[in-house]
Every structure is written in C-alpha cells, then in structure tokens.
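*Asks:* I am attaching a structure below and will ask some questions about it afterwards.
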Amino acid sequence: MTIINMPGGGVQDIDDPDLLWLRKAFDGEWKGATMLQLADDRIYSNESMEDLSTKFEKAKVPLAEFSAPESGRTILLVSAHRVRQVVDSNPAIYHEKAKSVLVFPTKMRLAVRETPEEARKKLRDAGTQVA
C-alpha cells in the first residue's frame, strides 16, 4: 500500500500492484500534477515523478522508463511487473511515432517510442521477462 498526496490536500492509499504507469500530467489534465494510471482508475498527485518513483521502488514496484510517442520528451514510468506482452505498433491504430505497444493484464495498452526489442530490454533490466 502506498499513500499518494492528492491536489487539494487529500491523500489516497493505492494497492501497489494496481499501478500500471505514471507520467507528468498534461496542462489540460491537471497542470503541475503527476498522473498515475491504475488498473481501474486514473488519479493525480501533487508529488513529483521522482518522489513517486522513490515511493514505488521502496514498495518493491520496479519501474522502467519509456518515451511517449507524441513527444519524446514525455517520460512514462511503467510498472515492469504489470506488462504482459510487448507487440509491434500499428500506425493505423496508434501514433505514427509509436514503435511498440505494452500490453497489460487489464487489456489496457500503452504505445511507446521504443522498438519491441528496446522495450523488452528495459523491462528485463527492471527485473521482468515478457513476450
């Protein structure tokens, strides 16, 4: 269980295995916040990605860093144990700069700039094996 500080002063307990990925929130979402994609919800925290990364690493949730396809500057920290498969991206479905798609057990998918080989290596380096 990890406690997340929410904008406005609230806190929320989340089950560590529920985390799929996190990234800096877009200005149109919640300017200055960090977005956490959970298995069945999306929440926002006023904590930095670095602070949240430290919390999850202490909770033994290995994170792997990826780049979003829309902007190579958007960093995605993905819960490596939650990725079940890495597949080639399809430009007819995903962003044209996406090279692979991370598949989670919740049927959620995340397109990333890394090739499937690069993605698998990042996940292996974080301590998990995927197809």
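*Asks:* Please give the charge dipole size of the chain, origin at the Cα centre, charges +1 on K and R Cβ atoms and -1 on D and E Cβ atoms. Round to the nearest 20 debye.
*Replies:* Computed charge dipole of the chain: roughly 360 debye.
*Asks:* Next question. Show me, bin by bin at 10 Å from 0, the whole-percent P(r) of the chain based on Cα pairs.
*Replies:* 13, 45, 34, 8, 0
*Asks:* Name the aspartates and glutamates eligible as straight-distance cross-link partners of K58: C-alpha to C-alpha under 12 Å, and not fewer than 8 places from it in the same chain.
*Replies:* Leaving aside aspartates and glutamates fewer than 8 places away in the same chain, those within reach of K58 are D16.
*Asks:* Would you work out what percent of the accessible area of the stretch 32-131, with all protein chains in place, is carbon or sulfur (probe 1.4 Å)?
*Replies:* Exposed carbon and sulfur together represent 46 percent of the surface.
*Asks:* Here is a follow-up. Relative contact order of the stretch 67-131, please, whole-number percent, based on alpha carbon pairs below 8 angstrom and at least 6 residues apart.
*Replies:* This gives 33 percent for the stretch 67-131.
*Asks:* Moving on. One quarter of the convex hull surface, Cα atoms only: what value does that give for the stretch 26-85 in nm²?
*Replies:* Mean projected area of the Cα convex hull: 4.7 nm².
The values are calculated or read from the model by the stated rules, or taken from the named source; none is laboratory data. Treat the numbers as computed from the prediction; the structure is a model and nothing was measured. Reconstructed Cβ throughout: ideal geometry from the backbone, glycine too, with neighbour counts over all protein chains shown. Side chains included, ligands, DNA and RNA excluded: accessible areas come from the protein's heavy atoms. Shrake-Rupley method; radii C 1.70, N 1.55, O 1.52, S 1.80 Å.
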